[in-house]
Each structure stands twice: as structure tokens, then as C-alpha cells.
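Engineer: Sharing a structure, written as C-alpha cells. Questions coming.
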Protein chains: 2
Amino acid sequence: MSMNVSEYIFDFLQKKGCETVFMVSGSSAMFLTDALKRNEKLKVICNHHEQAAAMSADMCGRLGQVPGVCLVTIGPGATNAITGVAQAYLDSSPVFILSGQASSKLLQYEIDTGIRQHGTQSLNLEPIVSSITKYFAAVMNEADIVEHMERAYELAMSGRKGPVWLDVPVDIQNRQIPDSAFEKASSKKYETSQCLDISEEQVQTVVQMISSSKKPLILAGYGVRSANAVEALDELSKTLQIPVVTSRGGIDAINSDNPYFMGRPGAYGTRASHFIIQQCDLLIILGSRLSVSTIGYYPKDFGGNAQKIMVDIDRLELAKSDVPVDIKINGDIRLFIEAILSSYKETHQNISWLNQCKELVDKYPVVLESYRKEKPLNPYYFVEQLSEHLYDDSVILTDTGSVCNIVSQAIKLKGTQRYLISGGFSCMGFWAGAIGAATTNKHTVVLTGDGSAQMNIQELATIKYNKLPIKMFIFKNNGYVLIRHNQHNYMNDRFLGVGPDSGLCMPDFCSVAEAYGLESARINEGDDIEAALGEIMKKDTPVICEVVLSEFYDIAPRIASRVMPDGSLKAAEFDDMYPFLEK
Amino acid sequence: MSMNVSEYIFDFLQKKGCETVFMVSGSSAMFLTDALKRNEKLKVICNHHEQAAAMSADMCGRLGQVPGVCLVTIGPGATNAITGVAQAYLDSSPVFILSGQASSKLLQYEIDTGIRQHGTQSLNLEPIVSSITKYFAAVMNEADIVEHMERAYELAMSGRKGPVWLDVPVDIQNRQIPDSAFEKASSKKYETSQCLDISEEQVQTVVQMISSSKKPLILAGYGVRSANAVEALDELSKTLQIPVVTSRGGIDAINSDNPYFMGRPGAYGTRASHFIIQQCDLLIILGSRLSVSTIGYYPKDFGGNAQKIMVDIDRLELAKSDVPVDIKINGDIRLFIEAILSSYKETHQNISWLNQCKELVDKYPVVLESYRKEKPLNPYYFVEQLSEHLYDDSVILTDTGSVCNIVSQAIKLKGTQRYLISGGFSCMGFWAGAIGAATTNKHTVVLTGDGSAQMNIQELATIKYNKLPIKMFIFKNNGYVLIRHNQHNYMNDRFLGVGPDSGLCMPDFCSVAEAYGLESARINEGDDIEAALGEIMKKDTPVICEVVLSEFYDIAPRIASRVMPDGSLKAAEFDDMYPFLEK
């Protein structure tokens, strides 16, 4: 097997099943680029900014069974990718980053001396990206590449997944790999990907807890998807008749028309799900980190009437003590569910509890009838309508900001649809990940705010060149609505940097789309939606559609603060959402 | 003095003389933002991406006598700024970065445990940005803010300048500062900004070397500008009749019409300057790090006939041993020049050497007469014409790529003009720094390639909103010309990611500019230049002008490789530039 370092890297990834590499070209990645060019099995998408390349790869990591792959060049090429890599790290997405670098001699001099720079464009990446990757290595010797690749790949895909990064000096890129490198690597073993730290006794305890529960509930997070446990979850809830609510990351762990689905709790959640959580007597938390945006401001009271079982692949998540958890299980969620299902013998009847949940869900819909006729357009109504026009296999991405809150509350999922957001990092510009999704899914839909659209607007050129049939909906509210709310609520309307009144103005995105050679559309009123979506969604070409909204609109229900008798603000209880109900 | 942390930060910076803060809003920076809003003396520019905010601040740092200031929010807001911060670090530009952060409790938990994330959007920045800043601190206690500010400010401005970063948790932002904090801080002393590690004996040695030199030469780098030594350099060269050549960073250390100016050496340099360097018998290197792009591929032979004196503020730059240097002096360049001038008593006559230099400069112009009539337009001719249309006080920025090589070779500087590039980092998208320059200079001109224009294209909205009268010239060559050259020269025309033939296509920037509400123009031919520039440069509003070029054009003169008799490639000697001359 005679290959140079660059050829080996792409050959390795292609054989693992990676299909597309997202890149921005650069001379210091010249041999990597050339090996990619000569690899006839890998597809290439050339982004116009490395931030978008990393985010595109991230989406492939979330949607597939192998890491997304991103190739960038030295220095600014590498630092431009950092935001996308941090996002992948926090959202447990496996991504393989490759970067060009100065010659190994120059890099070594920089490392040894701490001089600001010795080469041109060069920067020692180790201190900068180590804390946001599961593995980082500067490849200083061609003999190490086999070991680096195997180790990095295994780490990306095992345990709690995440990004890995190999930085390859330009002189190493075209070195031939010695045969000994393959022998050395094959004798090593790395962390295995599946594990479950639970004894048979513990399984019986959990089974017993479920069995004796009158009001059990599952809270599903992103970990369910990450562990390929969506079907297992479906089986579990159906067999044991346990209703399911989802955190933001877990939204596509269960479809909206599943009879066991009871909504989405959170700071911007569904009201019924909050009542249900506070009423359940057993809460099974599967792959959710119980962030403040999921559980609200009083962690001790979250599911306060329930015993709690938490299953997570990451020991550090289990070690948190905000929410009191009775049973903590470290391991793979699919293995956990299989263990429970194989031990659970009796039939379970929760009909009255299920009916009670269902009544609450029906009583407190997110999208109200009155929204339909609002002018300007009510975004909740738009999302409800959009749900009707999606394909059964659509991939839906929602960017950060008010758009994420609204869509995550209101969208209805079905079929094999996927729903993706920038979870932990909540990164504006996330929409460009649609480029990654669209390489494998022709029904990719992305919703973004105008502020977020701007953060990756250069990528319209990538969509155009590659004819990616992405349907992009831009909530046009002329700025950053969530921050506008914040400055309204806490700063007495002292607005800065949120809209035309305070320092910034958004462009006409229809004109921008057309300047990039893309078709555009605009939806101004509720009555326009049906016709416009019918037209847009049947096209097999990209469409950029502005959805024209007010500059200030309510996002509800949500966990808000109440004004106390003394005038101070106090965060409301988890099940006391705004708009506040009569007691 | 009763102030909260946020009020103090901006009050401090304003009193130091900072005038403008470049920001992108965010709720986790809410009290910082509000304090800025309430500070009536500071101007604010709201960028549309933190990358551009950092670069705008960087330009203020380079152009003024105080740091540029940049305010970003938590997580992605912070990581988006990294490329701009790294650029400022490598180019010794003082920048003050402020970021919002999760509450100090959440951040401390993340630091203590190493969990991926505890808050929302939060990320521990310390490991990520410490290596590219002179000072980083997470402000965990309001009592420490005075000390942090004084220390950070002093470090940004002293020694080799650079960026500093304070990360301020949201709960700390609005805490009142205790009086004791001011007392504690005022008792401390920090590194002083000026120093010169040279004895009187060494001064005499240097004076003697200059005195006995027949062919002295000064190589001026960015350190001259950074030390405010431009006038001192002028005095030195005039008094001692020493010709001057400049590295890329030092281009605006001397005007083109200065009789002692002899050109710009480098990988893409001026031919005469290379001959002059190889002929000089004394080379005084002032604030240049002697990078490969300045000295070529044979450092031992660089100025091989000369004794060398090197003055630099950074000991690590002096410690490098690639180029043999006889006398190394650590310290402030202005102090060095003043020490020499005050010790130098005799008059110096270098007329024949100066004439010899001048003859070489005249014999080898960069812009040839034949360029004028070329079709498509020759970019060198465009730059020559542009030089004629610039104002005496214009600030000229040139983005990275072929445009930087061409403009840096051909532009003629005069008056109080400044010339700025992304030096060490060579970062695409640098053009957005023009937003920073334009806050103090109404004659800001920026030249960029189309690939680089795309990397910050969202900033057209910032230019529009703030009515910044920037004149932006985009070299339209449909891709990345330097990488196209690289793939042509070394990869046998296996092109990937460089143009419409290989994965990407650039938009029509006139249409894009108009979509953002900006005036556009286009220059197609040499004969159009005069009229178009006359029209554009007299406007007091922004204009985005495409300069239409071929997709492949020669960049010369340059240090190239020669094909050896056995077919291998060998980098040419420093004074043997392409196009190769007859021996």
C-alpha cells in the first residue's frame, strides 16, 4: 500500500463511508486538496467561508452514521472554522477537521519558542482548538498518520461524539507513509463506542420503578438520536405506554403524530408539557443535559413529584447536582432501552395517565386560532402552515434566535423528518449547515432570522453553484428580536444594536438572493402562505423566501418573570408560563 | 466614584482616548451594551458579524494611538471574533476585546469540571484565546475589574503591542465596584511602554559601522510605524543619507516620492530593491521580522555582502538565527534612532551609492508601459492610476491574495497616507477593517479580491447604515488566483476550489452592492479607469466598484522556482526574480 499522507487521509475517510468533503481552498493545504481532487469517490463542496464549511460538515455528522468532513487551510482558514467546531463539540456532532499548516520545521519552532509567528499565515492551533475537540494533533511525522487517523476517527464516533482535528504541515502532506506505520497502528485498540454501566440488579430496580409508577414520563434529548435509539424509544414508549416529552435537542426523537408525544418543555416550550412534568411520578431522562433552557430556573422543583432516572453517555453530565436524580446510569441509551425491554415482562396500563396528558395537550395548543388573521403575519401560524407542506423525509434546520423558539414550539414532525438546531452554542448563521444537509437530502428546508441570515450570507454563492434545492425562509423582522425583547424588558427600552432605530438595518433578502442568481419569494400576509408554499415546495431548485414580520412580536408561551408586590422581578415557576393563567 | 463594572470599563476606555466601539449585540452582554449605550462620548458601530467587528477595531488600533475596542457576546459571539484577534496579535495591533459570558457560577463550574457546557451558549474562552492575546481574564469578581483594566490596557499598548481580552460574566457586569478596588490598583505598576536595551558603547559601535559604510541601507518594517518612528526614520535617512527599502508591513513607513525610498523587497517585490539589498554593505533592519515573504528562500544569503544591525521590540524576533545578524538591539525603534542621531556628529556623503540605487529603481519599474493597453485590464496599471486619484490623507487597505501582492508592489504613497494589509495572518476578508478606518478617515479606500470580498460581504449592510464613504475596489477574477497559480505550477492544472471550472463561482458584486442599497460601478478596460476613478473618488458616499480582470494573470516580478537540468524545481536566488533576466 503506497500512499502519501494526504491520499491516505481521504482514502481512509471514504472507506469509512464519508461521502462529501466541505472545504475552502488554500495553498498551504495544497497536497491535501490535490489528494481530494484525485479521490474519485469523494464529493466536494467548496464553501465561501470556513465557518460554513465546518457547519456543513457538522450537519452531515448529525444526519449520518459517519463524521462530517471539513478541509481548511492554514491560519485564518483554521480559525474561521472554530465557531462551527465549537458548535459541533457542544452538540455532540462527529466532525473530522483537516487543516493545512506551515512546514513542520516552522511550526515546531513556533511551538518551541512561543514566538508569535515564524512562517506566513501560520499559527499553532494546539492551544486554540484542543478544548473544543475530542482529539487534536499536529501531524509532525508521516509515520504517525495511520495512528492519528484511527484514533481520531474512533474518538469522534465513540462515547459522547464530537469533532476531531488533524493539522497537517505542508511538507508532511505529500510524504509517503512507511509500511511500518500500518503495522504499528493495527496493534492498538481504542475506546469502544458502546457501553452501559448498569448491573442486572439495577435493571431490575428500574423495571420495578416503572412497574410501580402510575404516571411515568420520558424526557428525550439529543442523546436519543445520537445513540441511534429513536426506534428503541418508540418501542419503549409504546410497549410500556409511557408518554414522551422532548428537550430542544431531542425534538426529532419522536414524531408529532405519535400518540405518546406530549410536547416540548423549555423556557420557550409548550404549556401542557410543563404541567405533565410537574404531575408525573417517574421521570426517565434519556440523553438530555437538563439545561436551564429545558428545566427553568428552579432545578430542585423540576419534576418535583417524580422519582428520576437519568441515562447519559457523558459522566460529567450525570455528575451535575442541580436536579436531584435518584438513579444515574452511564451508558448508551439504546443499550439501556434494550436492557429494560428485555427484562420487562408484565403488560403496563397507563390509560388514565395518557388521557390526562392528552387532555392537557389538547387544551393548550401553541398555535392559537386567532393567530391566523393577524397582520403583520404571525410567525406561529406560518410554521403551522409550513408543517403541512413539508415532505415526509424533509430535513428541517432552524437557525438561532426568536425563529428557533417559535419553530421549535410550533413545528409538527412526521415520517422520517429530521429537525436540527444549534443547541448548546445557539450559533447565529447555523442555517448554512443546510448545505451539508442538502448533499444527502433534496427536501432540505431552513428557517432563519434576518440577523442570522447575514452571518453566512456569502453561502448563497455555494447554493447557487451547486444547485442545492434548499428552501430558505428568512424571518424578516429587521434585527435581533430576542435582544430587542431583552432591552425592552430589562433596560427600559434603551435599544442598541437591535434594529434600524439602534444601529443596524437588514437588507432586502429578495434582492440579495437575486444578486446571487437565486430565485426569491416573499410572504407578507397569512393569506399568502398557502399559495406561496405550494409554489415553493414543489420546485427542485433553491428558493430564498422572506417572511415579513413585525419588528416586535410576542413569543409564547414562555417562562417569564413576574413583578412582585415590591416591584422586583422574580422568575416564574416551571408550570406558571406566560401568558399567566388564572390560578 | 460609584460605577458598575460595565460603566467603568467604557468610562476607562473613553478617558484613555478610545472613540468608537465595534460591536454585535447579545443578551449575555446586556449590561455592557447598556453601559455603552449610556456612555455619551463613545461612538458605536454595529457590525453584522463579530469577525468584522474585531477587524474594524484592529484598524483603529493600527491607525490611532489607543487600542481599537470591540464588544461581543458570549460563545459564538466570542469565537466569531477569533480570526480578527489572531490577525491583530500577529500584526502587533492593540485591540481591547470585551465579551459577555454566562453567570460566574456557571462559568466556574465549567472551568472546574471540564464539562462541555453548563450554561447556554457559554464556552470557557481562557484556553481558546490565551495564546493569541497578550492578556486574557475572565472577570470573576467586581473588585478585580480596575486591576484587570489597567493591566490589560498597559499590556495592549506596551512593548510589542497586541490584543487583550476581558470576558465578563453577565452577573458581574452590573455589580457596583467597591472603592477598595481603586486603591488596590493604583498601588501597582505595570511594564512600561518604551525601553531600549543598548549601552553607550554599543551606540558608538553602531555609529562607527554607519560611518565606515559605503553602501548603507535601511530595511523598515511595521515596527517603525508601531513605534511612531516614521518621522524619526525620515530624519535618519535624510541626515545620514541612507536609502530605505520596506517590508510589507513597513510600506507606509516612507512615501514613494521620498528621494531615499528604493522600493519594496519580497517574494512579490520590486526587482531593484533586491539588487540593492544584495549590494549594500550595511543593512539596518528596523522592526521587520525578516519573514520568508520578505527575504526569500536563502536566509544566509540575504544581504550577503552586508554587516547587519537589527532593532526589534520583541526579543523572540531577535533570537531567530536564519539570517546572520551582527548586532541585535532590543528596544523601541524611535529611541534607537534618536540615540544614533544624537551621537552622530560627522556629515555623511553617500551620493554615489544613492545614485546607484536610483538608477536601479529607474531601470526596473514594476508597472511597465505595455500594461496600459492590455485587455482584459492589467491590474498593475489600475493600481498606478488609482495612486494618482488618492487624496493626500487617504487610508488604503488591501485585502489578502493576489490583490495584496499587486497593490503592495505598485502603489505610490504620498502625503500622510496610510497603507494597511493583513501581514502575518494574511487573512481573507481583511477589507472589512475599512469600517474601522472610515470612522476617522473620510478618504478610506479598500482593494480586495472577489474571494476575500465574499468573506465579509455581510458588512455592506454596516457601510450602508452608517453611510461610511468607503471606496471599495473588487478585483473580479472569479476565484482565488494565487491558489490557481499554485495548482497550475505544482499540480499539473488539477484545479479544485479556485474558480468556476473547479467548484466555486463569484457573484456579480455590482448587483450585490445594489441589493444592499449601495452605489456600484464597474471598470472593464484600461481606457475606462481615468473617467471612472475621477467620478468615484470625488463622491462623499460609499461606492463598490468591480475591476474586471482575467481569471489568470501574471504577478511579477516575483521569486519563482527554476527548472533544473534534471527536471526538478529549485527556488531562485533572492536577486534572480521572475521574469528571469539575461545574466
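The values are calculated or read from the model by the stated rules, or taken from the named source; none is laboratory data. Remember, predicted model here, so these are calculated numbers, not experimental data. Cβ placement follows ideal geometry from the backbone for every residue including glycine, while neighbour counts extend to all protein chains displayed. Ligands, DNA and RNA are excluded from the accessible area calculation, which covers all protein heavy atoms including side chains. Shrake-Rupley method; radii C 1.70, N 1.55, O 1.52, S 1.80 Å.
Engineer: Six or more apart or on different chains, Cβ atoms under 7 Å: show the pairs whose first residue is in the stretch A:169-188 and over 12 Å from A:Asp144 (Cα atoms) and whose second is part of a helix (DSSP H, G or I) and acidic (Asp, Glu).
Structural biologist: Once the first residue is over 12 Å from A:Asp144 (Cα atoms) and sits in the stretch A:169-188, its partners that are part of a helix (DSSP H, G or I) and acidic (Asp, Glu) give A:Lys188/A:Glu147.
Engineer: Which ones in the stretch A:547-583 are open to solvent by 70 Å² or more (accessible area, probe 1.4 Å) and charged (D, E, K, R)?
Structural biologist: Residues satisfying the conditions are A:Glu551, A:Asp554, A:Arg562, A:Asp566, A:Lys570, A:Glu573, A:Glu582, A:Lys583.
Engineer: How do the pairs read when you match residues in the stretch A:317-341 that are within 14 Å of A:Ile198 (Cα to Cα) and within 14 Å of chain B (Cβ to nearest Cβ) with residues anywhere that are in a loop (DSSP other than H, G, I, E, B) and small (Gly, Ala, Ser), using Cβ under 6 Å and keeping only pairs 6 or more apart or on different chains?
Structural biologist: Nothing qualifies.
Engineer: Let me ask something else. Residues that are open to solvent by 80 Å² or more (accessible area, probe 1.4 Å) and either at pLDDT below 95 or over 18 Å from A:Ser237 (Cα atoms) (or both): find the helices (runs of 4 or more DSSP H) completely inside the stretch A:301-372 holding 1 or more of those.
Structural biologist: A:315-318, A:351-363
Engineer: I'd like the full set of residues that are open to solvent by 10 Å² or more (accessible area, probe 1.4 Å) and part of a strand (DSSP E or B), limited to the stretch A:21-44.
Structural biologist: Residues satisfying the conditions are A:Lys43, A:Val44.
Engineer: From the list B:Glu514, B:Glu519, which one is acidic (Asp, Glu), away from chain A (no Cβ under 12 Å) and open to solvent by 10 Å² or more (accessible area, probe 1.4 Å)?
Structural biologist: The match here is B:Glu519.
Engineer: From the list A:Thr440, A:Thr462, A:Thr444, A:Thr448, pick out the single residue that is among the polar types (S, T, N, Q), open to solvent by 10 Å² or more (accessible area, probe 1.4 Å) and within 23 Å of A:Ala88 (Cβ to Cβ). Give the derivation first.
Structural biologist: Details: A:Thr462 fails: open to solvent by 10 Å² or more (accessible area, probe 1.4 Å); A:Thr444 fails: open to solvent by 10 Å² or more (accessible area, probe 1.4 Å); A:Thr448 fails: open to solvent by 10 Å² or more (accessible area, probe 1.4 Å).
Criteria check complete, one pass: A:Thr440.
Engineer: Mind counting the residues in the stretch A:239-256 that are open to solvent by 10 Å² or more (accessible area, probe 1.4 Å) and over 22 Å from the mean Cα position of the chain (by Cα)?
Structural biologist: The total comes to 2.
Engineer: Within the stretch B:388-395, is there a residue that is surrounded by fewer than 20 Cβ atoms within 10 Å (Cβ to Cβ) and in a helix (DSSP H, G or I)?
Structural biologist: Yes, the stretch B:388-395 contains at least one residue that is surrounded by fewer than 20 Cβ atoms within 10 Å (Cβ to Cβ) and in a helix (DSSP H, G or I).
Engineer: Next question. Could you check, for the stretch A:203-223, whether at least one of its residues is within 24 Å of the chain's Cα centre (by Cα) and farther than 30 Å from A:Ile132 by Cβ?
Structural biologist: Yes, some residue in the stretch A:203-223 is within 24 Å of the chain's Cα centre (by Cα) and farther than 30 Å from A:Ile132 by Cβ.
Engineer: Of all residues in the stretch A:190-248, which are closer than 12 Å to A:Ile285 by Cα and in a helix (DSSP H, G or I)?
Structural biologist: Residues satisfying the conditions are A:Tyr222, A:Gly223, A:Val224, A:Leu233.
Engineer: Among the residues of the stretch A:379-391, is any of a type outside the set (Asp, Glu) and within 12 Å of chain B (Cβ to nearest Cβ)?
Structural biologist: no
Engineer: Since B:Gly17 meets every condition but one in (1) at negative phi; (2) more than 14 Å from chain A (Cβ to nearest Cβ), which condition does it not meet?
Structural biologist: (1)
Engineer: Something else now. Scan the stretch A:443-451 and tell me whether some residue there is over 21 Å from A:Thr83 (Cα atoms), more than 13 Å from chain B (Cβ to nearest Cβ) and part of a loop (DSSP other than H, G, I, E, B).
Structural biologist: Yes, because at least one residue in the stretch A:443-451 is over 21 Å from A:Thr83 (Cα atoms), more than 13 Å from chain B (Cβ to nearest Cβ) and part of a loop (DSSP other than H, G, I, E, B).
Engineer: Right, here's the next one. Only one of (1) modelled with pLDDT of 95 or more; (2) not assigned by TED's automatic domain parsing to the domain that holds B:Val44 is not met by B:Leu98, so which one is it?
Structural biologist: If we test B:Leu98 against (1) modelled with pLDDT of 95 or more; (2) not assigned by TED's automatic domain parsing to the domain that holds B:Val44, just (2) comes out false.
Engineer: Among the residues of the stretch A:282-300, what is the count of those that are touching a Pro at 6+ places or on another chain (Cβ under 9 Å), part of a loop (DSSP other than H, G, I, E, B) and either in the same structural domain as A:Ser408 (by TED's automatic domain parsing) or open to solvent by less than 10 Å² (accessible area, probe 1.4 Å) (or both)?
Structural biologist: Kept after step one, since they are touching a Pro at 6+ places or on another chain (Cβ under 9 Å), are these residues of the stretch A:282-300: A:282-284, A:290, A:292, A:294-296, A:299-300.
Checking which are part of a loop (DSSP other than H, G, I, E, B) leaves us with A:290, A:296.
Adding the requirement that they be either in the same structural domain as A:Ser408 (by TED's automatic domain parsing) or open to solvent by less than 10 Å² (accessible area, probe 1.4 Å) (or both) leaves A:296.
Adding up the residues that qualify gives 1.
Engineer: Confirm whether B:Ala52 is small (Gly, Ala, Ser), facing another protein chain (nearest Cβ under 8 Å), surrounded by 20 or more Cβ atoms within 10 Å (Cβ to Cβ) and within 19 Å of B:Phe430 (Cβ to Cβ).
Structural biologist: On the way: small (Gly, Ala, Ser): yes; facing another protein chain (nearest Cβ under 8 Å): no; surrounded by 20 or more Cβ atoms within 10 Å (Cβ to Cβ): yes; within 19 Å of B:Phe430 (Cβ to Cβ): yes.
In short, no.
Engineer: How many residues are without any contact (Cβ under 8 Å) to a residue 60 or more places away in the chain and within 15 Å of A:Thr400 (Cβ to Cβ) if we restrict to the stretch A:478-493?
Structural biologist: Residues flagged as without any contact (Cβ under 8 Å) to a residue 60 or more places away in the chain and within 15 Å of A:Thr400 (Cβ to Cβ) within the stretch A:478-493 amount to 2.
Engineer: For the stretch A:58-69, state whether one or more residues are open to solvent by less than 10 Å² (accessible area, probe 1.4 Å), of a type in the set (D, E, K, R) and within 24 Å of A:Leu460 (Cβ to Cβ).
Structural biologist: Here is the first cut: in the stretch A:58-69, the residues open to solvent by less than 10 Å² (accessible area, probe 1.4 Å) are A:58-59, A:61, A:67-69.
This time we only want the ones that are of a type in the set (D, E, K, R), so: A:58.
Then drop every residue that is not within 24 Å of A:Leu460 (Cβ to Cβ), which leaves A:58.
Looking for residues that are open to solvent by less than 10 Å² (accessible area, probe 1.4 Å), of a type in the set (D, E, K, R) and within 24 Å of A:Leu460 (Cβ to Cβ), one finds at least one in the stretch A:58-69, hence yes.
Engineer: Could you list, in sequence order, the residues of the stretch A:60-87 that are within 11 Å of chain B (Cβ to nearest Cβ) and within 14 Å of the chain's Cα centre (by Cα)?
Structural biologist: Result: A:Thr83, A:Gly84, A:Val85, A:Ala86, A:Gln87.
Engineer: Looking at A:Ile544 and the list (1) in a loop (DSSP other than H, G, I, E, B); (2) surrounded by 14 or more Cβ atoms within 10 Å (Cβ to Cβ); (3) not basic (Lys, Arg), which single condition is not satisfied?
Structural biologist: (1)
Engineer: Now for a different question. Can you name every residue in the stretch B:466-519 that is farther than 16 Å from B:Gln454 by Cβ, within 27 Å of the chain's Cα centre (by Cα) and in a loop (DSSP other than H, G, I, E, B)?
Structural biologist: B:Lys467, B:Leu468, B:Pro469, B:Ile470 - these are the residues of the stretch B:466-519 that are farther than 16 Å from B:Gln454 by Cβ, within 27 Å of the chain's Cα centre (by Cα) and in a loop (DSSP other than H, G, I, E, B).
Engineer: Could you say whether any residue in the stretch A:163-174 is within 23 Å of B:Gly424 (Cβ to Cβ), surrounded by 18 or more Cβ atoms within 10 Å (Cβ to Cβ) and at pLDDT below 95?
Structural biologist: No, the conditions are met nowhere in the stretch A:163-174.
Engineer: Output the number of residues of the stretch B:500-510 satisfying the condition of being crowded, with 23+ Cβ neighbours inside 10 Å and closer than 13 Å to A:Val24 by Cα.
Structural biologist: 1
Engineer: Return yes or no: is A:Gln417 away from chain B (no Cβ under 14 Å), open to solvent by less than 10 Å² (accessible area, probe 1.4 Å) and of a type in the set (S, T, N, Q)?
Structural biologist: yes
Engineer: Would you mind telling me which numbered condition in (1) under 30 Å from B:Lys43 (Cβ atoms); (2) open to solvent by less than 10 Å² (accessible area, probe 1.4 Å); (3) away from chain A (no Cβ under 14 Å); (4) not basic (Lys, Arg) B:Gly424 fails?
Structural biologist: (3)
Engineer: Identify all residues within the stretch A:472-483 that are within 9 Å of chain B (Cβ to nearest Cβ), out of contact with any Pro (no Cβ under 9 Å at 6 or more places or on another chain) and surrounded by 24 or more Cβ atoms within 10 Å (Cβ to Cβ); write none if there are none.
Structural biologist: Within the stretch A:472-483, A:Tyr480, A:Ile483 qualify.
Engineer: Assess whether A:Ile172 counts as being in contact with a helix residue (DSSP H, G or I) (Cβ under 6 Å, 6 or more places away or on another chain), among the β-branched types (Val, Ile, Thr), at negative phi and in a helix (DSSP H, G or I).
Structural biologist: In short, yes.
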